[in-house]
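Report on one structure; see the data block that follows.
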Amino acid sequence: MIFQPAIIALLLASTVSVAMLLAATPFALDVIRHWNITSGSERQLQLERRTYLFSTLAVFVMATQLLSLLLFVFNADKMSVMFVGAMCAVGTLNANAWGFPALIAQMTVFFLAAGWLAVNHVDSRAPDYPLTRIKYAALLVLLPAVAAVLWLQLKYFANLRADVITSCCGSLFSEDTKGLTGDMAALPPLAAMVAFYATLGLAFATAAFHAQTGRGGVWVAVTSLASFGAALAGIISFVSLYIYEHPHHHCPFCILKPEYDWQGYWLYVPLFLATACGVGVGAVQPFRRVDSLRQVIPALSARLAAIAAVSFLLFTAVATIQIVRSNLVLLGS
Amino acid sequence: MSPWFEKQRHLIDFTLASLARRKGRHLGLLVVFALLVFALASAMLFAHALRHEAQQILDGAPEIVLQKLVAGRHDLIPPGTIERISGMRGVQQVHGRLWGYYYDPVVKANYTFLVPPDNSIQPGTLVIGPALARQRGLAPGTGISLRSYSGALYSFAIAAVLPQASELASADLLLVSEADFRAFFSYPADHYTDIALSVANPAEVRNIANKLAKLLPDSRPILREEIQRTYASIFDWREGIMLALLSAAILAFAILAWDKASGLSADEKREIGILKAIGWETGDIIKMKFWEGALISLIAFLVGFIAAYVHVFHFGAPLFEPVLKGWSVLYPRFVLTPVIDGLQVATLFFFTVFPFLAATLVPIWRAAVTDPDAVMRT
């Protein structure tokens, strides 16, 4: 079961990522202990030189993690033909207990990586690299997260058995299911719609406001994350229904399938991009008072906020078009 | 946004010019890289095309095939069984199938005898598959004599040869009339080889299979989706084995890339030194080197992938055929339908570009941190 090209590729990417972060760990500890930009000592010069290497390594790892998420979901969807009872990625991920934890871990690492990349970017723009220590400390925090992704993926892929009868999305995302997914599916459509548009509108407004005025950066991150949740809840509770034109099919994964013209990618790519940019804005805010970053941070965070605003707008527009074009009548008669 | 793009554009410009200046040095790497992509892409494209072909053929298969078992072995369907299950709710059509294998000592190959469901073959004639026609040199109008398992000799006239397009499924096939089939194999009257059931609602297939297993405990229902899944896993597995074998090549390539990237010529070192002396930062050099790697891998990826596409879909993948396809005496000749799968391209990209970039990171950094004065003084 593990002999699937995409699985080998994912495991390869995760293993290399963990190996690179492990290789960077002694250096990170060294930086945290001895970094002193004002010193001209031999050690400091060595450290400065090596930061180039390890920053590049870390950027490489983070970029890999962003791509891995896409490949992971894509692969889960493709593999659904191999499991009895699976109709889309849900069945594949549900084939054993490790599938959804692996996906959630991968998503968490995705957003952490986005935050780290933003911090790294501003740090490299300042002449005195003021955030080097913080950056490498964060790398040490990220290492267990990336290692957890590798471990969960290994567990998940190694325990995949084709003879397991898994459950399809119909049973996980149904109004009668207990738990979070069932509750999301059971949300009354009107209330869910109001919450969906209100939260997304708020996220768009804060991001646009920040892009214009440079104020309220932390709120961009908060509303972005809230919108991410609201958007997923909205997709499960009503957007998916409109796409399938079926009043009880709540699956957020079937929309990725070619039968529905890959409409899901039009929703998820802007949503993840917007949220990642929002998280990036939030990640750099604590450092905006650092002297050498007074110029750098507002410029970057305004740009990220602008991307977030446009992406949220795009996501909302796509969802609205899908709702308007659909033949399903969910509200009223 | 625009200054950033502007900067990258200039870096790419510069990198392209510097690549063009040292064509010979990069050509070797490019060729090896393209070859690696070619090998991997051929295996993947071929496996996917086979998977696709199998899926297409099986789409026309009956939803359920029912076999009778005796002591765990496949046995004939006795009279009366078809009547027992034909009234079952949800089953659209039931028909008994007649087929069997015949070993021909002349060409040392197994043939598949089949009575078509509409029994449209004239007694005394055969319709044969294209591979068989080639092997025995048969054409419509000629005849063939076959010795049956009972020892008697039977002569048939060839009514037609099946079209080449169906060869994947019909290479070793002989279509025969029911009367001839029963006589040739001394098949007991009213017995069948197995039963094919068509079910209208795909969601019902599993329930009907359960009911069949309950109604006829000595039988085994085989579902079409199970066969499809088995085929898909077989080809996945073969593809995985190929990739696992080729992973040694990926590793070797990564080592080559590392070596190539770290062995900077004096000329290149001087160039980096001068660039730094005129104000380039270490970060800029890393970016330039990164673009160099990205351009090389992109070109190699495109060249390798296109070559693999031509190799698989225009020449029938002669290099990987025996491993991925399997073999037999009467092997079908067929042209694969070109199919490209997005996941596959993404996977291939991960397999080739990712190790290359990972392997060149450290050498790139080594090159970028060289001190300008140290280089220029030598």
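With a 10 Å Cβ neighbour count serving as the proxy for reagent exposure, in which order, fewest first, do A:Val220, B:Val303 appear?
The fewest-first ordering by Cβ neighbours comes to B:Val303, A:Val220.
Rounded if a/c is under 1.5, else prolate if a/b beats b/c, else oblate: with a ≥ b ≥ c from the C-alpha gyration tensor eigenvalues square-rooted, which is the protein assembly as shown?
Values: a/c = 3.00, a/b = 1.67, b/c = 1.79.
Since a/c reaches 1.5 but b/c is at least a/b, the shape of the protein assembly as shown is classed as oblate.
Could you sort out which of A:Lys135/B:Lys269; B:Lys269/B:Lys289; A:Lys78/B:Lys287; B:Lys7/B:Lys289; B:Lys260/B:Lys287; A:Lys78/B:Lys214 sit more than 24 Å apart by Cα distance in this structure?
Working: A:Lys135/B:Lys269 31 Å; B:Lys269/B:Lys289 12 Å; A:Lys78/B:Lys287 35 Å; B:Lys7/B:Lys289 14 Å; B:Lys260/B:Lys287 18 Å; A:Lys78/B:Lys214 33 Å.
Cα-Cα > 24 Å for A:Lys135/B:Lys269; A:Lys78/B:Lys287; A:Lys78/B:Lys214; rest within.
Just to check I understand the Karplus step: with θ = phi - 60° and J = 6.51 cos²θ - 1.76 cosθ + 1.60, what whole-Hz values come out for segment B:302-317, glycine and proline as x?
Whole-Hz 3J(HN,Hα) from phi for segment B:302-317: 5, 4, x, 5, 5, 4, 5, 4, 5, 4, 7, 8, 10, 10, x, 6.
May I ask you to sort B:Glu53, A:Glu259 by Cβ crowding, counting other Cβ atoms within 10 Å and putting the fewest first?
Exposure proxy ranking, most exposed first: A:Glu259, B:Glu53.
Just to check, using Stokes-Einstein with a Kirkwood Rh over alpha carbon pairs, what's the diffusion coefficient of segment A:186-333 at 10 °C and 1.306 mPa s in µm²/s? Let's see the in-between values first.
Numbers: Rh = 15.8 Å.
Stokes-Einstein gives a translational diffusion coefficient of 100 µm²/s.
Only counting other Cβ atoms within 10 Å, I'd like B:Asp259, A:Asp30 sorted with the fewest neighbours first.
B:Asp259, A:Asp30
Can you pull the three principal axis extents for the Cα set of segment B:4-86, in Å, largest first?
Taking max minus min along each principal axis of the Cα atoms, segment B:4-86 gives 82, 30, 19 Å.
Compare B:Ile12, B:Ile64, B:Ile128 in a GNM of chain B, Cα atoms joined below 10 Å, and give the one with the largest fluctuation.
B:Ile12
Roughly how many Å is it from the Cα centre of segment B:43-94 to that of segment A:28-70, as a whole number?
Cα centroid to Cα centroid, the span is 60 Å.
Just tell me which lysines come within less than 17 Å, Cα to Cα, of B:Lys211; anything on the same chain fewer than 8 places away is out.
The reachable lysines, counting only those whose Cα sits under 17 Å from B:Lys211, are B:Lys68.
Taking square-rooted eigenvalues a ≥ b ≥ c of the alpha carbon gyration tensor, is segment B:77-192 rounded, prolate or oblate, where a/c under 1.5 means rounded and, failing that, a/b exceeding b/c means prolate?
Prolate is the answer for segment B:77-192, as a/c is 1.5 or above and a/b outweighs b/c.
Report the paramagnetic label zone for A:Arg325: residues of segment A:247-261 whose backbone N is under 16 Å from a point 7 Å from Cα along the Cα-to-Cβ axis.
Correct set: A:255-261.
Over segment B:140-226, how many percent of alpha carbon pairs lie in each 5 Å bin up to the one with the longest distance?
Percent of Cα pairs in each bin: 3, 9, 15, 14, 14, 14, 14, 8, 6, 2.
If I take all pairs of Cα atoms in segment A:1-167, what percentage of them are more than 23 Å from each other? Intermediate results must be reported in sequence, preceding the final value.
Working: 6155 of 13861 pairs.
Cα-Cα pairs of segment A:1-167 separated by over 23 Å account for 44 percent.
What distance in nm lies between label points placed 7 Å from Cα along the C-beta direction at B:Ala61 and B:Glu226?
1.1 nm
Going Cα to Cα from B:Lys276, which aspartates and glutamates come in below 12 Å? Please leave out same-chain ones fewer than 8 positions away.
Cross-link targets: B:Asp284, B:Asp371, B:Asp373.
Would you report the distance distribution of C-alpha pairs in chain B as whole percents per 10 angstrom bin, up to the bin with the largest distance?
It works out to 4, 17, 20, 18, 13, 10, 9, 7, 3, 0, in whole percents.
Hey, with R₀ at 45 Å, roughly what FRET efficiency would B:Asn210 and B:Asp341 work out to, going by the Cβ-Cβ distance, to 0.05?
So, using R0 = 45 Å, E works out to roughly 0.85.
Taking H as built 1.01 Å from N, whose amide H comes closer than 5 Å to the amide H of B:Ala109, not counting residues under 5 places away?
It is B:Asp104, by chain and number.
Report the Cα centroid-to-centroid distance between segment A:238-272 and segment A:299-333 in angstrom, as an integer.
Taking the Cα centre of segment A:299-333 as reference, the centre of segment A:238-272 is 14 Å away.
Residue by residue through segment B:161-171, what is 3J(HN,Hα) from phi via Karplus (6.51 cos²θ - 1.76 cosθ + 1.60, θ = phi - 60°)? Round to whole Hz and write x for glycine and proline.
10, 5, x, 4, 4, 9, 4, 4, 9, 10, 3
If you take the beta carbon distance between A:Ser167 and A:Gln295 as r and set R0 to 51 Å, what does 1/(1 + (r/R0)^6) give as a FRET efficiency, to the nearest 0.05?
Rounded to the nearest 0.05, the efficiency is 0.40.
Under unit Cβ charges (Lys, Arg +1; Asp, Glu -1), what dipole magnitude, rounded to 20 debye, does chain B have relative to its Cα centre?
Using only the charged Cβ atoms, the result is roughly 580 debye.
Which one, A:Ile243, A:Ser224, A:Thr320, is farthest towards the positive end of the dipole of segment A:169-333 when Lys and Arg carry +1 and Asp and Glu -1 on their Cβ?
Among A:Ile243, A:Ser224, A:Thr320, the one farthest towards the positive end of the dipole of segment A:169-333 is A:Ser224.
To the nearest 500 deg cm²/dmol, what mean residue ellipticity at 222 nm is calculated for chain B from DSSP H runs of n ≥ 4 alone, each contributing -39,500 (n - 2.57), summed and divided by the residues?
Taken over chain B, the calculation gives -18500 deg cm²/dmol.
With +1 on each Lys and Arg Cβ and -1 on each Asp and Glu Cβ, and nothing else charged, work out how big the dipole of the protein assembly as shown is about its Cα centre, in Debye to the nearest 20.
1480 debye
Read-outs throughout are calculated quantities, based only on the coordinates presented, and are distinct from any laboratory measurement. These figures come from a predicted structure and were not determined experimentally. When we count neighbours, we look across all protein chains shown, and the Cβ atoms used for this are built from the backbone with ideal geometry, even at glycine.
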